[in-house]
Amino acid sequence: MIVTLLTDYGDEDEFVGVLHGVIASICADCRVVDLTHGIPRHAVRHAAVVLRNALPYMPAGVHVAVVDPEVGTERRAVALECDDGRLLVGPDNGVLSLAWPRFGGVVEAVDVSRSRHRLEPVSATFHGRDLFAPVAAQLALGAPLADSGERLDPDGLATIELSAATVAGGTVIAHAVVVDRFGNVALDLGHQDLTGTGLALGRSVEVEIGGARHPAAFARSFADVDAGDLLLYEDAYRTLALAVNRGDAAALLGIAPDDEVRLTPQ
Amino acid sequence: MIVTLLTDYGDEDEFVGVLHGVIASICADCRVVDLTHGIPRHAVRHAAVVLRNALPYMPAGVHVAVVDPEVGTERRAVALECDDGRLLVGPDNGVLSLAWPRFGGVVEAVDVSRSRHRLEPVSATFHGRDLFAPVAAQLALGAPLADSGERLDPDGLATIELSAATVAGGTVIAHAVVVDRFGNVALDLGHQDLTGTGLALGRSVEVEIGGARHPAAFARSFADVDAGDLLLYEDAYRTLALAVNRGDAAALLGIAPDDEVRLTPQ
Amino acid sequence: MIVTLLTDYGDEDEFVGVLHGVIASICADCRVVDLTHGIPRHAVRHAAVVLRNALPYMPAGVHVAVVDPEVGTERRAVALECDDGRLLVGPDNGVLSLAWPRFGGVVEAVDVSRSRHRLEPVSATFHGRDLFAPVAAQLALGAPLADSGERLDPDGLATIELSAATVAGGTVIAHAVVVDRFGNVALDLGHQDLTGTGLALGRSVEVEIGGARHPAAFARSFADVDAGDLLLYEDAYRTLALAVNRGDAAALLGIAPDDEVRLTPQ
């Protein structure tokens, strides 16, 4: 069985290695895939979007996400089963909530805060090690979900609402959602939202951010525009995004998550 | 058999990948866990503390630590067996010395500098590849320790001494030991040292560093104080540490390893 | 079968995790080794040099390299077999070309741009996920190379030419090729090029860069010179390189790839 890990722990400390050790101690044959540990610290929504985008490319298994600014408080820790059989494990703060609709929704959920699988004593600050990793490893070994915590109503699970782009007077009003390390900026605008907007591959588009206007091309890929030029493109998850060929769009535009981006076809 | 790796090689170059390749070439079925490769360059003591803290969470196996500022000189390279059967491999500069007492101490040690397992020619600068990885992989395959180098007296192994906190006139005088990437600062003060100090969960404490005084709370976890506030807490290894909720204590306090930290209960 | 990965994707995003997921989805038993994902963005030549240096330390398998500034254009994607049986997969931009001579040259090559193994729809920007990872995983499972794409003439594969050091009037005129994260600078000068240059272990050497002259020692290893001192040494791949003991040679010298470095024995 595969276990995937997504956290904001970074690669500088031993936190990720300890998760691997805890899992290997319980489940010597589990394969562990690091989805990423580079989520910006405490960025629950960013993590939820990445999990939603990337999980369809993982084999079905136990999928852990730990971005947990409220660790050590009374927030719940949960494990849940999706309709297609995938198991998700993490804090009940919405980090899992954009992923489960992709797999048919939640059919069963348990509160694992006092799971029989946890490592005692549970620290106040490292639930990845003491709670989420051992619960995930036991589930991967075959432990029944119902034995791993206290049954809870899936309707009570925390969820995250994403912003949605709107159209007004020939302009699409979108928002930045996720900025990757290349400075590419994913918007709250999908392939399916383009109908009737006038935005079309090969056309020019004006990008307005914070009052500043930038010319851009709606192109297929980076190399379709000159080095240093701005493009609007459909990224690998079919989300509309801004990039600069061989450059950094977020830096060029001074844009951060939640900022409004106005797109006007030219 | 599991092999764990801890180095200061970082993630930017191919050094870690080459260790994995060398191990996989010798021991196709070994599981390799990267404990961390983010140790600050040449920070032997930092590495020794991390190894001591994290190794109990690893399955028993062969545990390699390479932080080796004297690589290419006459410093010894060693492999040793702990009383509980764990095998430790690394330079003889103390990097292993805080870990082995956790596993019953050293029962057998060999100098592997000219080990039959090394890759020839041994480079002057990359003993991780040419010496430590192949020795570890052969040990993981089952090679006897005694055949892997020249027997040496465990009492002659290099060790690291950590500072110890003291109490004077109602103030605990501690020191910074390890700063993690979140800016959390672990002190040379453990759970067991608190008796009689007046430091207690839920109480206020004054933190003095370099003459500057900062109010703090002794709390269980980050979220028990307001964002931006300083806390003293027991970290996941039962060490007392300083943190700022949603902030960076090391940056706020201007603190680095070895700095004196004075804690006075309020 | 082993699959190795080398990219410029970095560790901050989920791109590498997605490659692992795609491979594990196709080939549950493949072992995946991350050679490195820290290649500077779009640095094809840097990647080609690292692949050439590191691949001999990997078990024979399927070796993927994705540094691909022209992704989404008409550049070819290729898979090829070396005379010793190793399989290389990547864009046809020369990134593979320094490695294959180490393994006997290319005996068979196919254009995998429209490979039956690709994931549909192929995105314009993430061929690592949609093309290179699935092709590599199928090859690792045993898919014949000839079935994985359209046969092409190996002589038409893109190659990279490296600069070569020259000697003039007692001075060796070399160039920086790769700078690692420690600031060590590998030159286009090998062990075998030293004959007759007057450069010899233990001797002093003057290093001239951009008109500035720096004294250095030709030493075996970092610790053979004082902290902060410059040394010329033979690195772990038998390439001549510049370093500063406990320092950063690239920063000290203000040197970047392609810069000329003049070495004069003293």
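The values are calculated or read from the model by the stated rules, or taken from the named source; none is laboratory data. Remember, predicted model here, so these are calculated numbers, not experimental data. Cβ: placed from backbone, ideal geometry, glycine included. Neighbour counts: every protein chain shown. These accessible areas exclude ligands, DNA and RNA; they are computed on the full protein's heavy atoms, side chains included. Shrake-Rupley method; radii C 1.70, N 1.55, O 1.52, S 1.80 Å.
A few notes on this one:
- The tail of the calculated P(r) for the range C:129-190 beyond 16 Å holds 69 percent of all Cα-Cα pairs.
- Calculated translational diffusion coefficient of the range C:78-186 (37 °C, 0.692 mPa s; Stokes-Einstein with Kirkwood radius over alpha-carbon pairs) equals 206 µm²/s.
- Over the range B:1-137, the hull volume per residue, using the convex hull of the C-alpha atoms, is 94 Å³.
- Max mean-square fluctuation residue, GNM over chain C, Cα-Cα springs under 10 Å, options C:ASP13, C:ASP92, C:ASP34: C:ASP13
- Of all DSSP bridge pairs formed entirely within chain A, close to 75 percent run antiparallel.
- Globularity ratio of the range C:191-240, using Cα Rg and 2.2 N^0.38 Å: 1.15
- Column: log10 I(q)/I(0), Debye, Cα scatterers of the range B:66-126, q = 0.15, 0.25 Å⁻¹: -0.46, -1.06
- Isolated cysteines of chain A, defined as having no other cysteine beta carbon under 4.7 Å away, are A:CYS82.
- Hydrodynamic radius by Kirkwood, which averages 1/r over all alpha carbon pairs of the range C:176-266, in angstrom: 12.7 Å
- For the range B:176-188, 3J(HN,Hα) computed residue by residue from phi via the Karplus equation (6.51, -1.76, 1.60; θ = phi - 60°) reads 6, 10, 9, 10, 8, 6, 8, x, 6, 10, 7, 9, 8 Hz, glycine and proline entered as x.
- The residues of the range A:160-266 have, on average, 44 Å² of accessible surface per residue, using a 1.4 Å probe with all protein chains present.
- For chain A, relative contact order (Cα pairs under 8 Å, six or more residues apart, normalised by length) works out to 15 percent.
- Where labels lie 7 Å past Cα in the beta-carbon direction, separation of C:ALA227 and A:ARG213 in nm: 5.9 nm
- Here the range A:174-205 is scanned for amide nitrogen atoms under 20 Å from the site 7 Å beyond the Cα of A:ALA168 along Cα-to-Cβ, giving A:174-177, A:187-190, A:193-199.
- The label point for B:ASP259 and the one for C:ARG238, both projected 7 Å from the Cα toward the Cβ, are 4.9 nm apart.
- The share of accessible area on chain A that comes from carbon and sulfur is 46 percent, using a 1.4 angstrom probe.
- Note on chain C: Cα convex hull, mean projected area over all directions, 14.9 nm².
- Shape call, the range B:40-85: gyration tensor on alpha carbons, a/c limit 1.5: oblate
- Looking at the protein assembly as shown, the DSSP beta bridges with both ends there are about 75 percent antiparallel.
- All-pairs alpha carbon distance profile, the protein assembly as shown, 20 Å steps from 0, percent: 15, 45, 35, 5, 0
- Of the residues making up the range A:199-229, those losing 30 Å² or more of accessible area when the isolated chain is joined by the remaining protein chains, with a 1.4 Å probe, are A:ARG220, A:SER221, A:PHE222, A:ALA223.
- Stretch in chain B that is longest and holds no GluC sites (Glu not before Pro) that DSSP places in a loop and that have at most 11 other beta carbons within 10 Å: B:162-266
- Heavy-atom accessible area buried between chains A and C is around 2600 Å² (1.4 Å probe, both sides summed).
- Residue closest to axis [chain B; rotation mapping onto C; Cβ; Å]: B:ASP11, 3
- Per residue accessible area of the range B:1-146, 1.4 Å probe, in Å²: 29 Å²
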